[in-house]
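Here is the structure we will look at, set down as structure tokens.
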Amino acid sequence: MQTRTHPLDTSAAGAPHTVTSLHFGPDSSNAGGHRALLQCSLHADEIPPMLVGWHLRQRLQALEAAGQLVGEVVLLPACNPIGLAQQVWGRLQGRFDLASGQNFNRHYPSLAAGAAQRFQAGGSPLGADPQANTLALRAALQAELAALPAAGALQQLRHTLMRLALDADVVLDLHCDNEAVLHVYATPEHQGSALQLAHCLGAPLLLLAEDSGDGPFDEAQSGLWPQLRALLGAAVPLAGFAATVELRGETDVDHALAAADARGLLRFLQQQGFVRELNEPEPTPQAAPPDCAVRPLAGCLHLHAPFSGVLVWHLPPGQWVQAGQPLADLVCPVSGRSEALPSPVDGLFFAREMQRWARTGQSVAKVAGAAPLRIGKLLSA
Ligand SMILES: [Zn+2]
């Protein structure tokens, strides 16, 4: 394992921050550019990914020592040092940058158009070798990124994470929801790999969107190759698979769960050609993992609170529900009003709000339906 540090310039203000990346297996520059990158807790107050990363680190060290890694695996065990240092009234606040108010998982630059121009200006056309094409386009993408201004620690964090991920064939951004079952976000072009990932993790839900709005980290990687193909033609390989994995809810921090998630991620890396043998006993036969439902992100409907009150849930996330079925009671302690909150659609009730007080209009639950009913920006703030 090789540890590298990537300091962020904080000359403007604030404490110094450093991103740490752990590199296992052969350096991708000597392994035909074969790299997988897994980053933990871009939203720094989402803790489960950091424990999964700790389990992964042990396993990857053992696999490296046993000579079983055939591609480079890069692990960012806590990828957002700015967010991790933000305490407000005694609580970790890691979703939004306090200095700017911006979400740490939004506003990643769109590099395809600029990189395509650079590539064309270079004068060498794409050839018949997909790997050579990939490497040439990655060089153009890195040059485009390096040319963008990166003033301030937040922009430098984004650029640092992008720089590490642009050279990867597989990018997994590990998050968690409020209270939820395990689920995966990816783009439709990569549905095959995304389903493989969901099956390895036993995730019951895969949500697909081509452009969910505001440039989240995973789409800034996975969207590149289809965009480059549209600009430069069919010789562009679909070289970068990226997905966001939501490792259940914020309090699902448990060694057994994290070890199982690390096993699932390693199985996926094995299927993607990064690991030869996993060196683990055959898993004892268990009940079949749940089928994975593939749903459009635009079909994921939110349940909103019609007034402020106490949320009393009827059922945990992970249940298939019907439109109109009550998911919770909302109780106003002042007026005495109490109303059942019905599911907005037939589908998988997969995530709900953790706080038991809802304000008027707040989204308090998500149900994944089959029909793409929403338009515009598809992610929450
Ligand atoms: Zn998150």
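The values are calculated or read from the model by the stated rules, or taken from the named source; none is laboratory data. What you see is a predicted model, and the numbers here were worked out from it, not measured in a lab. Cβ sites come from the backbone with ideal geometry, for glycine too, and all protein chains shown count toward neighbours. Protein only, heavy atoms only, side chains kept; ligands, DNA and RNA dropped before computing areas. Shrake-Rupley method; radii C 1.70, N 1.55, O 1.52, S 1.80 Å.
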message: Under 7 Å between Cβ atoms, which residue pairs at least 6 apart in sequence (or on different chains) link something in region 237-264 that is closer than 15 Å to residue 55 by Cα with a partner that is assigned to a helix (DSSP H, G or I) and open to solvent by 40 Å² or more (accessible area, probe 1.4 Å)?
response: 262/59
task: State the number of residues belonging to region 233-257 that are open to solvent by less than 30 Å² (accessible area, probe 1.4 Å) and either within 16 Å of the ligand (Cβ to nearest atom) or in a strand (DSSP E or B) (or both).
output: 8
task: Determine which member of the set 157, 174, 205 is surrounded by 23 or more Cβ atoms within 10 Å (Cβ to Cβ) and more than 15 Å from the chain's Cα centre (by Cα).
output: 157
- request: Please name all residue pairs, on different chains or six or more residues apart, with Cβ atoms under 6 Å, provided the first residue is in region 159-185 and is touching a residue at least 12 places away in the same chain (Cβ under 8 Å) and the second residue is within 13 Å of the ligand (Cβ to nearest atom) and in a helix (DSSP H, G or I).
  value: 173/217; 173/218; 174/49; 176/48
- prompt: Which of (1) farther than 30 Å from residue 59 by Cβ; (2) at pLDDT 95 or above is the odd one out, the single condition residue 245 does not satisfy?
  reply: (1)
- request: Only residues that are open to solvent by less than 30 Å² (accessible area, probe 1.4 Å) and in contact with a Phe, Trp or Tyr (Cβ under 6 Å, 6 or more places away or on another chain): list them for region 184-202, please.
  value: 190, 197, 200
query: Of the numbered conditions (1) under 30 Å from residue 227 (Cα atoms); (2) within 15 Å of the ligand (Cβ to nearest atom); (3) polar (S, T, N, Q), residue 100 satisfies every one except a single condition; which is it?
result: (2)
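So, of the residues in region 226-242 that are under 29 Å from residue 278 (Cβ atoms) and modelled with pLDDT under 95, which turns out to be nearest to the chain's Cα centre (by Cα)?
240
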